[in-house]
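Participant: Quick one: this structure, given as C-alpha coordinates, is what I'll be asking you about.
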Amino acid sequence: MCLAIPGKILKTTGEAFIRTGQVSFGGIIKQINLAYAPEAKVGDYVLVHVGFAIGVVDEKEANRVFEYLREMEELDELEQDLP
Amino acid sequence: MKFIDEYRDGEAAQKYAQAIANITDQPWTIMEVCGGQTHAIVKFGIDELLPSEITLVHGPGCPVCVTPIELIDKSLEIASLPDVIFCSFGDMLRVPGTYKDLLSVKAKGADIRMVYSPMDALEMAKKYPQKEVVFFAVGFETTAPANAMTVHQAYKQKIENFSVLVSHVLVPPAMKDVLCSPNNQVQGFLAAGHVCTIMGYREYEPLVEEYKIPIVVTGFEPVDILQGIYMCIKQLQEKRYELENQYTRFVHREGNTLAQNLIKEVFQVVPRKWRGMGEIPQSGLNLQDKYAQFDALKRFDINCNYAQEETKCISGLILKGVQKPDQCPLFKNHCTPEHPLGATMVSSEGACAAYYQYRKTT
Ligand code: SF4
(Lines give C-alpha, C1' and ligand atoms only; values in the text may rest on other atoms or scores of the structure.)
Protein backbone atom coordinates (compact mmCIF):
# COMPACT_ATOMS: atom_id res chain seq x y z
CA MET A 1 0.00 0.00 0.00
CA CYS A 2 2.81 2.39 0.82
CA LEU A 3 4.57 1.18 -2.29
CA ALA A 4 6.36 4.04 -3.96
CA ILE A 5 8.70 3.71 -6.91
CA PRO A 6 11.29 5.99 -8.44
CA GLY A 7 10.81 7.28 -11.98
CA LYS A 8 12.55 9.79 -14.21
CA ILE A 9 10.90 13.07 -15.17
CA LEU A 10 10.76 13.55 -18.95
CA LYS A 11 8.67 16.70 -19.17
CA THR A 12 6.75 19.05 -16.87
CA THR A 13 3.72 21.32 -17.34
CA GLY A 14 1.79 23.78 -15.18
CA GLU A 15 2.92 25.12 -11.84
CA ALA A 16 2.34 24.98 -8.07
CA PHE A 17 -0.53 22.65 -7.09
CA ILE A 18 -1.33 21.71 -10.65
CA ARG A 19 2.20 21.05 -11.82
CA THR A 20 2.41 17.66 -13.43
CA GLY A 21 5.07 15.74 -15.27
CA GLN A 22 5.57 12.83 -17.58
CA VAL A 23 7.48 10.30 -15.55
CA SER A 24 9.09 7.18 -16.96
CA PHE A 25 9.22 4.02 -14.90
CA GLY A 26 11.64 1.90 -16.86
CA GLY A 27 9.90 2.90 -20.09
CA ILE A 28 6.31 2.96 -18.84
CA ILE A 29 5.23 6.60 -18.87
CA LYS A 30 2.66 8.08 -16.54
CA GLN A 31 1.34 11.56 -15.86
CA ILE A 32 2.34 12.38 -12.28
CA ASN A 33 1.35 15.25 -9.99
CA LEU A 34 4.46 17.20 -8.95
CA ALA A 35 2.85 19.58 -6.44
CA TYR A 36 4.84 18.11 -3.54
CA ALA A 37 8.15 18.11 -5.40
CA PRO A 38 8.43 21.69 -6.68
CA GLU A 39 12.22 21.42 -6.90
CA ALA A 40 12.10 18.43 -9.27
CA LYS A 41 13.40 19.14 -12.77
CA VAL A 42 13.43 17.25 -16.04
CA GLY A 43 15.99 14.45 -15.68
CA ASP A 44 15.51 14.10 -11.91
CA TYR A 45 14.23 10.91 -10.34
CA VAL A 46 11.16 11.30 -8.17
CA LEU A 47 9.62 8.84 -5.74
CA VAL A 48 6.02 8.28 -6.83
CA HIS A 49 3.09 7.00 -4.79
CA VAL A 50 -0.53 6.83 -6.09
CA GLY A 51 0.10 9.37 -8.81
CA PHE A 52 2.01 11.89 -6.70
CA ALA A 53 5.72 12.57 -6.48
CA ILE A 54 6.44 12.58 -2.75
CA GLY A 55 10.18 13.24 -2.91
CA VAL A 56 13.16 13.65 -5.17
CA VAL A 57 15.94 11.06 -5.10
CA ASP A 58 19.01 12.43 -3.39
CA GLU A 59 21.52 11.07 -5.88
CA LYS A 60 24.47 11.91 -3.62
CA GLU A 61 22.99 9.70 -0.92
CA ALA A 62 21.97 6.89 -3.26
CA ASN A 63 25.31 5.13 -2.91
CA ARG A 64 25.47 5.34 0.87
CA VAL A 65 24.25 1.77 1.30
CA PHE A 66 27.24 0.44 -0.61
CA GLU A 67 29.76 2.92 0.80
CA TYR A 68 28.73 1.87 4.29
CA LEU A 69 29.42 -1.72 3.33
CA ARG A 70 32.87 -0.79 1.97
CA GLU A 71 33.73 1.18 5.07
CA MET A 72 32.79 -1.79 7.22
CA GLU A 73 35.00 -4.07 5.18
CA GLU A 74 37.93 -1.69 5.36
CA LEU A 75 37.49 -1.43 9.10
CA ASP A 76 37.49 -5.22 9.32
CA GLU A 77 40.70 -5.48 7.33
CA LEU A 78 42.30 -2.81 9.45
CA GLU A 79 41.42 -4.72 12.60
CA GLN A 80 42.79 -7.94 11.16
CA ASP A 81 46.02 -6.21 10.21
CA LEU A 82 46.60 -4.93 13.71
CA PRO A 83 48.96 -7.11 15.73
CA MET B 1 15.14 -0.05 -13.05
CA LYS B 2 17.50 2.60 -11.74
CA PHE B 3 17.30 3.12 -7.96
CA ILE B 4 15.64 -0.26 -7.56
CA ASP B 5 17.73 -2.99 -9.13
CA GLU B 6 21.01 -2.05 -7.49
CA TYR B 7 19.39 -2.48 -4.09
CA ARG B 8 18.50 -6.07 -4.92
CA ASP B 9 22.13 -7.04 -5.46
CA GLY B 10 22.67 -10.51 -4.05
CA GLU B 11 26.32 -10.02 -3.21
CA ALA B 12 25.75 -6.87 -1.18
CA ALA B 13 22.85 -8.60 0.58
CA GLN B 14 25.08 -11.55 1.50
CA LYS B 15 27.76 -9.22 2.81
CA TYR B 16 25.28 -7.44 5.04
CA ALA B 17 23.91 -10.76 6.28
CA GLN B 18 27.47 -11.83 7.14
CA ALA B 19 28.17 -8.52 8.87
CA ILE B 20 25.01 -8.97 10.94
CA ALA B 21 26.07 -12.49 11.92
CA ASN B 22 29.51 -11.20 12.91
CA ILE B 23 28.18 -8.70 15.44
CA THR B 24 25.31 -10.74 16.90
CA ASP B 25 26.03 -12.66 20.09
CA GLN B 26 22.65 -12.84 21.78
CA PRO B 27 18.95 -13.06 20.82
CA TRP B 28 17.20 -9.93 19.59
CA THR B 29 13.68 -9.27 18.35
CA ILE B 30 13.13 -6.54 15.78
CA MET B 31 9.88 -5.37 14.26
CA GLU B 32 9.58 -4.07 10.73
CA VAL B 33 6.62 -1.76 10.93
CA CYS B 34 5.53 -1.56 7.33
CA GLY B 35 3.65 -4.25 5.41
CA GLY B 36 5.67 -3.44 2.30
CA GLN B 37 8.81 -4.40 4.23
CA THR B 38 7.14 -7.57 5.54
CA HIS B 39 6.31 -8.52 1.99
CA ALA B 40 9.89 -7.93 0.80
CA ILE B 41 11.39 -9.80 3.79
CA VAL B 42 9.33 -12.92 3.18
CA LYS B 43 9.49 -12.70 -0.61
CA PHE B 44 13.28 -12.36 -0.77
CA GLY B 45 13.82 -14.69 2.21
CA ILE B 46 15.69 -11.99 4.13
CA ASP B 47 14.81 -13.47 7.52
CA GLU B 48 16.33 -16.77 6.41
CA LEU B 49 19.66 -15.06 5.74
CA LEU B 50 19.87 -13.87 9.34
CA PRO B 51 21.55 -15.65 12.25
CA SER B 52 19.13 -17.72 14.33
CA GLU B 53 19.46 -15.31 17.26
CA ILE B 54 17.52 -12.64 15.36
CA THR B 55 13.75 -12.78 15.21
CA LEU B 56 11.88 -10.45 12.89
CA VAL B 57 8.29 -9.79 13.85
CA HIS B 58 5.86 -8.12 11.55
CA GLY B 59 4.17 -4.89 12.45
CA PRO B 60 0.79 -3.25 11.97
CA GLY B 61 1.80 -1.23 8.92
CA CYS B 62 -0.73 -2.45 6.40
CA PRO B 63 -3.66 -0.04 6.02
CA VAL B 64 -5.68 -2.58 4.08
CA CYS B 65 -5.34 -5.05 6.97
CA VAL B 66 -6.22 -2.62 9.74
CA THR B 67 -9.25 -0.89 8.19
CA PRO B 68 -12.06 -1.79 10.63
CA ILE B 69 -14.67 -4.24 9.42
CA GLU B 70 -17.47 -1.75 10.21
CA LEU B 71 -16.02 0.62 7.67
CA ILE B 72 -15.71 -2.13 5.08
CA ASP B 73 -19.40 -2.88 5.68
CA LYS B 74 -20.22 0.79 5.21
CA SER B 75 -18.21 0.91 1.99
CA LEU B 76 -20.28 -2.02 0.71
CA GLU B 77 -23.53 -0.26 1.57
CA ILE B 78 -22.46 2.97 -0.11
CA ALA B 79 -21.13 1.17 -3.18
CA SER B 80 -24.47 -0.61 -3.57
CA LEU B 81 -26.50 2.61 -3.68
CA PRO B 82 -27.99 3.58 -7.04
CA ASP B 83 -26.23 6.43 -8.83
CA VAL B 84 -23.00 5.90 -6.90
CA ILE B 85 -19.66 5.25 -8.57
CA PHE B 86 -17.42 3.82 -5.86
CA CYS B 87 -13.69 4.18 -6.48
CA SER B 88 -10.96 2.37 -4.60
CA PHE B 89 -7.38 1.23 -4.77
CA GLY B 90 -7.29 -2.35 -6.02
CA ASP B 91 -6.11 -3.90 -2.77
CA MET B 92 -9.32 -2.94 -0.94
CA LEU B 93 -11.63 -4.81 -3.31
CA ARG B 94 -11.18 -8.25 -1.75
CA VAL B 95 -11.17 -7.22 1.88
CA PRO B 96 -14.00 -9.15 3.53
CA GLY B 97 -16.69 -7.26 5.38
CA THR B 98 -19.05 -9.13 7.66
CA TYR B 99 -20.87 -10.88 4.80
CA LYS B 100 -19.29 -9.86 1.51
CA ASP B 101 -16.57 -7.83 -0.20
CA LEU B 102 -16.47 -5.07 -2.83
CA LEU B 103 -15.77 -7.50 -5.66
CA SER B 104 -18.86 -9.58 -4.93
CA VAL B 105 -20.96 -6.41 -4.69
CA LYS B 106 -19.53 -5.35 -8.04
CA ALA B 107 -20.46 -8.71 -9.52
CA LYS B 108 -24.05 -8.02 -8.42
CA GLY B 109 -24.06 -4.84 -10.48
CA ALA B 110 -22.66 -2.08 -8.26
CA ASP B 111 -20.53 0.45 -10.14
CA ILE B 112 -17.15 -0.07 -8.47
CA ARG B 113 -13.98 1.09 -10.15
CA MET B 114 -10.38 0.48 -9.34
CA VAL B 115 -8.26 3.60 -9.58
CA TYR B 116 -4.51 4.19 -9.48
CA SER B 117 -4.73 7.61 -7.87
CA PRO B 118 -7.42 9.47 -5.88
CA MET B 119 -7.16 12.16 -8.55
CA ASP B 120 -8.61 9.65 -11.04
CA ALA B 121 -11.71 9.46 -8.83
CA LEU B 122 -12.01 13.25 -8.84
CA GLU B 123 -11.75 13.24 -12.63
CA MET B 124 -14.51 10.65 -12.70
CA ALA B 125 -16.72 12.99 -10.65
CA LYS B 126 -16.18 15.75 -13.20
CA LYS B 127 -16.96 13.39 -16.05
CA TYR B 128 -20.20 12.09 -14.52
CA PRO B 129 -21.81 15.11 -12.83
CA GLN B 130 -25.14 13.29 -12.48
CA LYS B 131 -23.51 10.53 -10.38
CA GLU B 132 -22.16 10.56 -6.84
CA VAL B 133 -18.50 9.56 -6.93
CA VAL B 134 -17.08 8.21 -3.67
CA PHE B 135 -13.40 7.44 -3.07
CA PHE B 136 -12.31 5.00 -0.36
CA ALA B 137 -9.50 7.03 1.21
CA VAL B 138 -7.40 4.52 3.14
CA GLY B 139 -3.73 4.66 3.91
CA PHE B 140 -0.93 5.78 6.16
CA GLU B 141 0.96 9.06 6.11
CA THR B 142 2.42 8.07 2.72
CA THR B 143 -1.00 8.23 1.05
CA ALA B 144 -2.41 11.14 3.05
CA PRO B 145 -0.88 13.90 0.85
CA ALA B 146 -2.50 12.47 -2.30
CA ASN B 147 -5.87 12.20 -0.60
CA ALA B 148 -5.50 15.65 0.97
CA MET B 149 -4.70 17.20 -2.40
CA THR B 150 -7.69 15.50 -4.01
CA VAL B 151 -10.12 16.79 -1.37
CA HIS B 152 -8.52 20.22 -1.52
CA GLN B 153 -8.95 20.31 -5.29
CA ALA B 154 -12.57 19.16 -4.99
CA TYR B 155 -13.12 22.06 -2.58
CA LYS B 156 -11.40 24.61 -4.78
CA GLN B 157 -13.08 23.46 -7.94
CA LYS B 158 -16.44 23.08 -6.14
CA ILE B 159 -16.97 19.49 -7.24
CA GLU B 160 -20.17 18.73 -5.37
CA ASN B 161 -20.74 15.14 -6.43
CA PHE B 162 -17.45 13.93 -4.93
CA SER B 163 -16.88 12.55 -1.45
CA VAL B 164 -14.41 10.39 0.44
CA LEU B 165 -14.84 7.52 2.88
CA VAL B 166 -11.86 8.18 5.13
CA SER B 167 -9.98 5.51 7.02
CA HIS B 168 -6.57 7.05 7.49
CA VAL B 169 -4.17 5.73 10.10
CA LEU B 170 -0.92 7.00 11.60
CA VAL B 171 2.17 4.95 12.33
CA PRO B 172 3.77 6.38 15.52
CA PRO B 173 0.71 5.81 17.76
CA ALA B 174 0.57 2.18 16.59
CA MET B 175 4.28 1.71 17.42
CA LYS B 176 3.59 3.13 20.84
CA ASP B 177 0.68 0.73 21.21
CA VAL B 178 2.99 -2.19 20.40
CA LEU B 179 5.51 -1.02 23.00
CA CYS B 180 2.82 -0.58 25.66
CA SER B 181 1.44 -4.06 25.15
CA PRO B 182 2.11 -6.14 28.32
CA ASN B 183 3.61 -9.00 26.32
CA ASN B 184 5.72 -6.80 24.08
CA GLN B 185 8.88 -8.48 22.79
CA VAL B 186 10.06 -5.84 20.36
CA GLN B 187 13.54 -4.48 21.14
CA GLY B 188 14.14 -2.43 18.01
CA PHE B 189 12.15 -1.01 15.11
CA LEU B 190 12.71 -0.61 11.42
CA ALA B 191 10.55 2.46 10.76
CA ALA B 192 8.65 2.73 7.48
CA GLY B 193 10.74 4.63 4.94
CA HIS B 194 7.99 6.08 2.78
CA VAL B 195 5.95 7.26 5.74
CA CYS B 196 9.10 9.12 6.80
CA THR B 197 9.62 10.54 3.30
CA ILE B 198 6.47 12.53 4.05
CA MET B 199 6.65 13.03 7.82
CA GLY B 200 10.38 13.04 8.46
CA TYR B 201 11.43 11.33 11.67
CA ARG B 202 11.13 13.92 14.42
CA GLU B 203 7.99 12.21 15.76
CA TYR B 204 9.98 9.06 16.48
CA GLU B 205 12.62 10.75 18.60
CA PRO B 206 10.37 10.90 21.71
CA LEU B 207 9.63 7.17 21.29
CA VAL B 208 13.37 6.41 21.24
CA GLU B 209 13.86 8.41 24.41
CA GLU B 210 10.81 7.25 26.30
CA TYR B 211 11.13 3.54 25.55
CA LYS B 212 14.92 3.42 25.18
CA ILE B 213 14.59 1.57 21.91
CA PRO B 214 16.58 1.89 18.68
CA ILE B 215 14.59 3.00 15.64
CA VAL B 216 16.14 2.87 12.17
CA VAL B 217 14.27 4.52 9.30
CA THR B 218 14.56 1.85 6.60
CA GLY B 219 13.84 1.41 2.90
CA PHE B 220 12.10 -1.39 1.08
CA GLU B 221 14.63 -3.22 -1.05
CA PRO B 222 16.55 -6.22 0.30
CA VAL B 223 19.88 -4.40 0.72
CA ASP B 224 18.10 -1.50 2.43
CA ILE B 225 16.34 -3.82 4.85
CA LEU B 226 19.51 -5.73 5.65
CA GLN B 227 21.41 -2.52 6.29
CA GLY B 228 18.54 -1.34 8.51
CA ILE B 229 18.73 -4.59 10.48
CA TYR B 230 22.52 -4.26 10.75
CA MET B 231 22.25 -0.72 12.10
CA CYS B 232 19.58 -1.76 14.58
CA ILE B 233 21.49 -4.83 15.84
CA LYS B 234 24.67 -2.79 16.12
CA GLN B 235 22.89 -0.36 18.41
CA LEU B 236 21.44 -3.18 20.50
CA GLN B 237 24.80 -4.92 20.83
CA GLU B 238 26.45 -1.65 21.83
CA LYS B 239 23.60 -0.86 24.24
CA ARG B 240 22.73 2.32 22.40
CA TYR B 241 19.27 3.53 21.53
CA GLU B 242 19.15 6.16 18.84
CA LEU B 243 17.18 7.29 15.87
CA GLU B 244 19.13 6.42 12.74
CA ASN B 245 18.26 6.88 9.10
CA GLN B 246 19.19 4.17 6.63
CA TYR B 247 17.02 5.55 3.82
CA THR B 248 18.91 8.80 3.26
CA ARG B 249 18.26 8.89 -0.46
CA PHE B 250 14.59 9.60 0.24
CA VAL B 251 14.25 10.64 3.88
CA HIS B 252 15.27 13.84 5.67
CA ARG B 253 14.60 14.65 9.28
CA GLU B 254 12.03 17.32 8.39
CA GLY B 255 10.23 15.26 5.75
CA ASN B 256 8.17 16.87 3.00
CA THR B 257 6.81 20.01 4.65
CA LEU B 258 4.62 20.98 1.71
CA ALA B 259 2.84 17.66 2.00
CA GLN B 260 2.62 17.94 5.80
CA ASN B 261 1.03 21.36 5.47
CA LEU B 262 -1.68 20.16 3.15
CA ILE B 263 -2.36 17.14 5.35
CA LYS B 264 -2.90 19.54 8.27
CA GLU B 265 -5.08 21.79 6.15
CA VAL B 266 -7.43 18.98 5.15
CA PHE B 267 -7.23 16.44 7.98
CA GLN B 268 -7.42 16.44 11.75
CA VAL B 269 -6.01 13.81 14.08
CA VAL B 270 -8.69 11.59 15.65
CA PRO B 271 -8.88 8.31 17.59
CA ARG B 272 -9.22 5.32 15.26
CA LYS B 273 -10.18 1.72 15.57
CA TRP B 274 -7.68 -0.69 13.98
CA ARG B 275 -8.90 -4.05 12.78
CA GLY B 276 -7.42 -6.66 15.09
CA MET B 277 -5.98 -4.08 17.50
CA GLY B 278 -8.93 -2.08 18.82
CA GLU B 279 -9.10 1.67 19.25
CA ILE B 280 -5.83 3.59 19.49
CA PRO B 281 -5.94 7.21 20.67
CA GLN B 282 -4.95 9.91 18.17
CA SER B 283 -4.03 7.28 15.62
CA GLY B 284 -6.05 8.35 12.59
CA LEU B 285 -7.03 11.20 10.33
CA ASN B 286 -10.45 12.51 9.51
CA LEU B 287 -11.56 15.53 7.49
CA GLN B 288 -11.34 18.97 9.06
CA ASP B 289 -14.71 20.66 9.60
CA LYS B 290 -13.97 22.96 6.66
CA TYR B 291 -14.02 19.90 4.38
CA ALA B 292 -16.84 18.01 6.13
CA GLN B 293 -19.05 18.38 3.06
CA PHE B 294 -16.83 15.78 1.38
CA ASP B 295 -17.32 13.19 4.11
CA ALA B 296 -19.15 10.24 2.58
CA LEU B 297 -20.32 9.06 6.01
CA LYS B 298 -22.14 12.38 6.43
CA ARG B 299 -23.44 12.49 2.88
CA PHE B 300 -24.95 9.00 2.91
CA ASP B 301 -26.91 7.94 5.93
CA ILE B 302 -25.60 4.44 6.37
CA ASN B 303 -26.61 2.17 9.18
CA CYS B 304 -25.16 -1.29 9.47
CA ASN B 305 -24.01 -2.25 12.90
CA TYR B 306 -23.85 -5.98 12.49
CA ALA B 307 -20.10 -6.11 12.32
CA GLN B 308 -18.19 -8.32 14.69
CA GLU B 309 -14.45 -8.65 14.82
CA GLU B 310 -13.19 -12.09 13.84
CA THR B 311 -12.71 -14.33 16.85
CA LYS B 312 -10.44 -17.34 16.40
CA CYS B 313 -8.02 -15.34 14.31
CA ILE B 314 -4.87 -14.19 16.13
CA SER B 315 -4.14 -11.31 13.75
CA GLY B 316 -4.23 -8.81 16.63
CA LEU B 317 -1.29 -10.62 18.23
CA ILE B 318 0.49 -10.83 14.89
CA LEU B 319 0.06 -7.10 14.26
CA LYS B 320 1.59 -6.45 17.67
CA GLY B 321 4.52 -8.73 16.96
CA VAL B 322 3.62 -11.22 19.70
CA GLN B 323 2.97 -14.17 17.37
CA LYS B 324 3.79 -15.25 13.84
CA PRO B 325 1.36 -16.36 11.14
CA ASP B 326 2.35 -20.04 11.21
CA GLN B 327 1.45 -20.14 14.90
CA CYS B 328 -2.20 -19.59 14.04
CA PRO B 329 -4.18 -22.88 14.01
CA LEU B 330 -6.29 -21.61 11.11
CA PHE B 331 -3.32 -20.65 8.93
CA LYS B 332 -3.42 -22.38 5.54
CA ASN B 333 -6.06 -24.95 6.41
CA HIS B 334 -9.05 -22.69 7.07
CA CYS B 335 -7.63 -19.29 6.29
CA THR B 336 -6.22 -18.56 2.83
CA PRO B 337 -5.96 -15.46 0.64
CA GLU B 338 -9.04 -16.71 -1.26
CA HIS B 339 -10.97 -17.09 2.00
CA PRO B 340 -9.29 -14.79 4.48
CA LEU B 341 -10.55 -15.03 8.04
CA GLY B 342 -8.60 -12.12 9.39
CA ALA B 343 -6.94 -8.82 8.83
CA THR B 344 -3.46 -10.07 8.07
CA MET B 345 -4.52 -12.56 5.39
CA VAL B 346 -6.51 -9.92 3.53
CA SER B 347 -3.85 -7.87 1.81
CA SER B 348 -0.77 -9.18 0.06
CA GLU B 349 1.17 -6.99 2.48
CA GLY B 350 -0.37 -8.69 5.49
CA ALA B 351 2.01 -11.03 7.30
CA CYS B 352 -0.26 -14.09 6.95
CA ALA B 353 -0.69 -13.55 3.21
CA ALA B 354 3.05 -13.08 2.74
CA TYR B 355 3.80 -16.32 4.61
CA TYR B 356 1.10 -18.10 2.63
CA GLN B 357 2.50 -16.95 -0.66
CA TYR B 358 6.25 -17.33 -0.10
CA ARG B 359 6.91 -19.71 2.81
CA LYS B 360 7.16 -23.24 1.55
CA THR B 361 8.24 -24.96 4.73
CA THR B 362 5.21 -24.40 6.95
S1 SF4 C 1 -3.96 -17.15 9.38
FE2 SF4 C 1 -5.96 -16.13 9.11
S3 SF4 C 1 -7.07 -16.59 10.97
FE4 SF4 C 1 -4.90 -16.95 11.40
S5 SF4 C 1 -4.12 -15.01 12.19
FE6 SF4 C 1 -3.74 -14.99 9.98
S7 SF4 C 1 -5.56 -13.93 9.22
FE8 SF4 C 1 -6.12 -14.58 11.25
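Participant: Just checking, does the stretch B:19-31 include any residue being closer than 14 Å to B:Pro222 by Cβ, away from chain A (no Cβ under 11 Å) and not β-branched (Val, Ile, Thr)?
Facilitator: no
Participant: If you check B:Cys335, B:Cys328, B:Cys313, which single one turns out to be touching a Gly at 6+ places or on another chain (Cβ under 7 Å) and at pLDDT 90 or above?
Facilitator: B:Cys335
Participant: Another question, if that's okay. Is it the case that some residue within the stretch B:61-82 is in contact with a helix residue (DSSP H, G or I) (Cβ under 7 Å, 6 or more places away or on another chain), part of a strand (DSSP E or B), touching a residue at least 24 places away in the same chain (Cβ under 8 Å) and buried (at least 21 other Cβ atoms within 10 Å of the Cβ)?
Facilitator: Taking every residue of the stretch B:61-82 in turn, at least one turns out to be in contact with a helix residue (DSSP H, G or I) (Cβ under 7 Å, 6 or more places away or on another chain), part of a strand (DSSP E or B), touching a residue at least 24 places away in the same chain (Cβ under 8 Å) and buried (at least 21 other Cβ atoms within 10 Å of the Cβ).
Participant: Also, I was wondering about something else. May I ask you to list the residues in the stretch B:338-362 that are free of Cβ contacts under 8 Å to residues at least 24 places away in the same chain and either touching a Leu at 6+ places or on another chain (Cβ under 6 Å) or over 21 Å from B:Glu48 (Cα atoms) (or both)?
Facilitator: The answer is B:Glu338, B:His339.
Participant: Still on this structure, please answer the following. Given B:Val217, B:Val195, B:Val166, B:Val208, which one is in a helix (DSSP H, G or I), modelled with pLDDT of 95 or more and crowded, with 24+ Cβ neighbours inside 10 Å?
Facilitator: B:Val195
Participant: Oh, and also: Could you please give the count of residues in the stretch B:95-138 that are in contact with a strand residue (DSSP E or B) (Cβ under 6 Å, 6 or more places away or on another chain), in a strand (DSSP E or B) and within 14 Å of chain A (Cβ to nearest Cβ)?
Facilitator: 4
Participant: A follow-up question, please. Are any residues in the stretch B:32-42 out of contact with any strand residue (DSSP E or B) (no Cβ under 8 Å at 6 or more places or on another chain) and either polar (S, T, N, Q) or within 13 Å of chain A (Cβ to nearest Cβ) (or both), and if so, which ones?
Facilitator: Matches in the stretch B:32-42: B:His39, B:Ala40.
Participant: Any residue at all in the stretch A:52-72 that is among the aliphatic types (A, V, I, L, M), exposed (fewer than 15 other Cβ atoms within 10 Å of the Cβ) and more than 25 Å from B:Leu170 (Cβ to Cβ)?
Facilitator: no
Participant: Is it the case that the stretch B:251-270 has a residue that's more than 16 Å from the ligand (Cβ to nearest atom), part of a loop (DSSP other than H, G, I, E, B) and out of contact with any Phe, Trp or Tyr (no Cβ under 8 Å at 6 or more places or on another chain)?
Facilitator: For the stretch B:251-270, residues more than 16 Å from the ligand (Cβ to nearest atom), part of a loop (DSSP other than H, G, I, E, B) and out of contact with any Phe, Trp or Tyr (no Cβ under 8 Å at 6 or more places or on another chain): present.
Participant: Ok, one more. Pull up the stretch B:322-350, narrow it to residues that are within 14 Å of chain A (Cβ to nearest Cβ) and of a type in the set (Gly, Ala, Ser), then point me to the one that is farthest from the ligand (Cβ to nearest atom).
Facilitator: The residue in question is B:Ser348.
Participant: Across the stretch B:251-289, what is the number of residues that are in contact (Cβ under 8 Å) with a residue 40 or more places away in the chain, of a type in the set (Gly, Ala, Ser) and either more than 14 Å from chain A (Cβ to nearest Cβ) or touching a Lys or Arg at 6+ places or on another chain (Cβ under 9 Å) (or both)?
Facilitator: Total satisfying the criteria: 4.
Participant: Identify, please: which residue in the stretch B:326-347 is of a type in the set (Gly, Ala, Ser) and touching a strand residue (DSSP E or B) at 6+ places or on another chain (Cβ under 9 Å) and is, among those, surrounded by the most Cβ atoms within 10 Å (Cβ to Cβ)?
Facilitator: Residue satisfying both the conditions and the ranking: B:Ala343.
Participant: Let me ask something else. Please determine, by comparing only the residues of the stretch B:139-153 that are among the hydroxyl-bearing types (Ser, Thr, Tyr) and not in a helix (DSSP H, G or I), which one is farthest from the other protein chains (Cβ to nearest Cβ).
Facilitator: The selected residue is B:Thr143.
Participant: Follow-up. Quick one: would you say B:Gly276 is within 15 Å of the chain's Cα centre (by Cα), within 10 Å of the ligand (Cβ to nearest atom), in a loop (DSSP other than H, G, I, E, B) and modelled with pLDDT under 95?
Facilitator: Considered against the rule, which asks whether it is within 15 Å of the chain's Cα centre (by Cα), within 10 Å of the ligand (Cβ to nearest atom), in a loop (DSSP other than H, G, I, E, B) and modelled with pLDDT under 95, B:Gly276 comes out as yes.
Participant: Among the candidates B:Tyr230, B:Tyr247, which residue alone is at pLDDT 95 or above and in contact with a strand residue (DSSP E or B) (Cβ under 6 Å, 6 or more places away or on another chain)?
Facilitator: Result: B:Tyr247 is the single residue among B:Tyr230, B:Tyr247 that is at pLDDT 95 or above and in contact with a strand residue (DSSP E or B) (Cβ under 6 Å, 6 or more places away or on another chain).
The values are calculated or read from the model by the stated rules, or taken from the named source; none is laboratory data. Keep in mind that this is a model prediction, so the values were computed, not measured. So basically every Cβ, Gly included, is an ideal-geometry build from the backbone, and we count neighbours across all protein chains shown.
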